[in-house]
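Below: the structure, in structure tokens.
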């Protein structure tokens, strides 16, 4: 198990979240907690998953929550750096096309 940390990078009106570690039942709330702490209006949110070593259903739930949060506010959410395990999980549960993904 790898503890989750999330780096936040601000670029104009876009925020990049860079989680590092496992996004699982014990840590998935960290992603949504970070978003709640942002105090600036956003036009875009990018979640760079390149350093996520493992994701379970709680991680998927966190990503879906981020998507709904963004959609309700007119913010574009993009996933980047989706590795093999998270990509397989998205595919297995039928969410591969739900998120905008940039390679």
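Elements of the type strands (runs of 3 or more DSSP E) sitting completely within the stretch 33-103 and holding at least 1 residues that are surrounded by 15 or more Cβ atoms within 10 Å (Cβ to Cβ) and touching a helix residue (DSSP H, G or I) at 6+ places or on another chain (Cβ under 7 Å): these cover 44-48, 51-55, 76-80. With respect to residue 9, is the statement that it is more than 13 Å from the chain's Cα centre (by Cα) and more than 19 Å from residue 83 (Cα to Cα) true? Criteria met by residue 9.
Checking residue 1 against (1) modelled with pLDDT under 95; (2) not in a loop (DSSP other than H, G, I, E, B): exactly one of these is not met. Which one? Answer for residue 1: the failing condition is (2). Could you tell me how many of the residues in the stretch 13-32 are surrounded by 17 or more Cβ atoms within 10 Å (Cβ to Cβ), at pLDDT below 95 and in a strand (DSSP E or B)? The number of residues fulfilling the criteria is 1. All of (1) modelled with pLDDT under 90; (2) out of contact with any helix residue (DSSP H, G or I) (no Cβ under 8 Å at 6 or more places or on another chain); (3) surrounded by fewer than 16 Cβ atoms within 10 Å (Cβ to Cβ) hold for residue 10 with one exception: (1).
The values are calculated or read from the model by the stated rules, or taken from the named source; none is laboratory data. All values reported here derive from a predicted model rather than from experimental measurement. As a convention, Cβ positions derive from the backbone with ideal geometry for all residues, glycine included, and neighbour counts pool all protein chains shown.
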